[in-house]
Amino acid sequence: IKSSNKHSSFVYVRVRPLLSDIIDDKSNNDDDDDSSNDVELEEEEASILDDLVTETNIIDEANNNNTGVTAMEGPLPISGFNGVFGIDAMNSYVYDESFHPRIRTIMKGGTSSFFCYGYTGAGKTHTTLGYNEDCGVFQLAAKEILNRVVQLNTDKNTEPYILMASVMEVYNDEVFDLLGDKAKCTLRKNKRGQLLVRGATTKRVFTPEEAKTKGVDYSIVTKALSSIPIECMDDLRIIQDRAQHYRKVGTSTTHNQSSRSHAIFRLDIVNQTLLDAMQELEEAEQIKPAVQTAYDTKRSYQLRQWVLDIEKKIKDQNQFIDEMYLKEGKKSSPFGGRLILVDLAGADSDHRSIGSGQTTLAQRKEGTAINKSLMALKECISALSSSNNRKTTIPFRNSSLTRLLEEVLTPREKRDSDSVMIVNIGPEDNLKNKTVNSLRYGSMFSSKKKKNVSPRREGVRASTNSSRARKKESLMETKRRMKREMEQKEQNSSEENNTATSVLVL
């Protein structure tokens with residue numbers, strides 16, 4: 001369902017098979033004739049949840065089905081999804097039906113994002129990154145993008161495109177660079193409102209020639225998020241293995257190899273000219289002049305001119321690429337296309353006791369941080385899906401995760417963007433509460449697509465226009481009042497001077 005700012009959202013449900021350990025327990029107890037009560041209990045725990053749809057049902061995107069697919073039937077059905085992937089659905093089929101159509105957005109220079117949400121043990125990481133020979137959505141999408149980039153570089157006699165990869169981790173509400181030896185990062189926005197992920201800071205001393213042209217003797221440069229070029233699928237596997245090596249894995253209430261952090265994978269289509277210009281711009285934005293004194297006016301002008309020249313270089317480069325494709329009859333360029341894949345950690349209600357040794361204080365802190373960040377994301381999605389008030393502020397600053405995902409949930413660029421969420425659930429009857437909560441979470445995200453994401457900004461513009469008019473009128477009234485006060489003071493001063501002159505004459 002398209003919105004006026006060319007953003008589309010798609011929500012699917014994926015039901016994993018019964019866990020093997022539950023199936024084994026059930027089969028083992030079936031062989032035990034002396035414990036019939038235990039057999040009935042295990043069979044009840046391993047049974048499939050009533051009213052849960054476990055068969056694949058995908059609607060056609062061209063079909064104007066306003067109600068969508070129902071994932072949970074019964075007296076309180078949960079529907080509104082673009083499709084349900086049943087127990088037998090493979091990763092390749094999930095990718096073909098859900099995210100493969102979104103690749104065209106990336107190849108037009110837009111942004112496509114992919115989410116996996118669900119409770120711990122629901123199969124999110126398996127869907128995202130795969131397992132052994134069963135490739136995940138990330139590998140399948142990256143492979144297709146890489147093949148298309150290679151084909152473009154072969155067909156076009158221009159500067160070749162480069163596919164750059166970066167991976168971030170949000171652990172205990174702190175951001176880490178998984179391709180930069182898990183360096184701790186900070187988040188801040190530049191003057192253009194763009195969120196920057198920055199690592200450690202270093203001091204760069206300029207040569208006398210550089211200092212003369214740049215207007216400063218040294219600068220404090222903050223390391224940008226690590227990005228590694230991908231030339232083949234082997235490079236992608238190395239990057240994925242490196243990220244998985246540093247990513248935090250621990251024990252949850254379900255299994256011992258649970259992801260205890262959120263992972264954000266990003267692929268960008270760029271070229272070397274843009275990379276060089278961006279590096280210079282990042283260094284220019286991080287400049288910290290040593291001393292500013294009265295005679296530094298000329299050097300400050302040189303510094304500002306240096307930054308403006310680099311910004312102009314980036315703007316000209318983008319315009320050059322777009323014009324080149326327009327001349328060849330293309331609607332838009334793949335230059336600047338971006339894939340964002342988010343593997344969310346699973347929500348978990350941990351009631352294990354710390355004193356008995358079932359869990360530790362650190363593990364409890366991990367679970368609390370995960371649930372808190374997921375709740376912050378829920379609040380943002382809820383505000384986007386239910387807000388009719390144009391003055392409503394979306395609480396993106398409540399967590400590091402939502403700050404990083406702000407550009408995904410509320411895209412502001414002119415190019416197309418879309419997002420796909422897979423709600424991973426298990427079919428077990430004893431997981432009913434978790435399954436229902438996950439489906440409601442996904443249904444809320446699904447309702448967001450029926451809302452126009454841009455009203456938040458359009459509402460800001462609409463309210464801003466009236467607010468500006470009121471502020472302008474208030475400012476004019478203040479100026480008129482100040483003018484009257486100044487005229488009154490001048491008149492009083494003139495009368496006092498006349499009185500004093502008269503006294504002197506007498």
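The values are calculated or read from the model by the stated rules, or taken from the named source; none is laboratory data. Note that the structure is a prediction, hence the values are computed from the model and not measured. Neighbour counts run over all protein chains shown; Cβ positions are idealised from the backbone, glycine included. Accessible surface areas use protein heavy atoms only, side chains included; no ligands, DNA or RNA. Shrake-Rupley method; radii C 1.70, N 1.55, O 1.52, S 1.80 Å.
General observations
- Taking each of Lys108/Lys156; Lys143/Lys378; Lys143/Lys432; Lys189/Lys312; Lys315/Lys378; Lys143/Lys312 in turn, the alpha-carbon distance tops 26 angstrom for Lys143/Lys378; Lys143/Lys432; Lys315/Lys378; Lys143/Lys312.
- Difference of contour (0.36 nm per residue) and Cα-Cα distance, Glu487 to Glu406: 24.0 nm
- Relative protection proxy for 394-407, 118-131, 232-245, 74-87, from highest mean packing down: 118-131, 394-407, 74-87, 232-245 (other beta-carbon atoms within 10 angstrom).
- Here the extension length gained between Lys365 and Ile59 equals 106.1 nm, from 0.36 nm per residue of separation less the Cα-Cα distance.
- Listed residue pairs exceeding 19 Å between alpha carbons, taken from Lys182/Lys223; Lys124/Lys184; Lys248/Lys434: Lys124/Lys184; Lys248/Lys434
- Taking all Cα-Cα distances within segment 104-151, those exceeding 14 Å account for 59%.
- Cβ-Cβ FRET estimate between Ile48 and Glu379, R0 fixed at 45 Å, reported to 0.05: 0.90
- HN-Hα J in Hz across segment 230-245 - Karplus 6.51, -1.76, 1.60, θ = phi - 60°, x for Gly and Pro: 10, 10, 7, 5, 5, 4, 5, 5, 5, 5, 5, 5, 5, 5, 5, 5
- Per residue, segment 65-199 exposes an accessible area of 41 Å² to a 1.4 Å probe, with every protein chain left in place.
- Peptides 419-427, 181-189 ranked from most to least packed, by the mean per-residue count of other Cβ atoms within 10 Å: 419-427, 181-189.
- With the highest mean first, a sort of the peptides 200-208, 154-162 on other beta-carbon atoms found within 10 angstrom per residue produces 154-162, 200-208.
- Inter-label distance, Asp234 to Asn132: 2.4 nm, where each label sits 7 Å from its Cα along the C-beta direction.
- Here the label points at Leu18 and Asp316, each 7 Å from Cα along the C-beta direction, are separated by 6.8 nm in the simple model.
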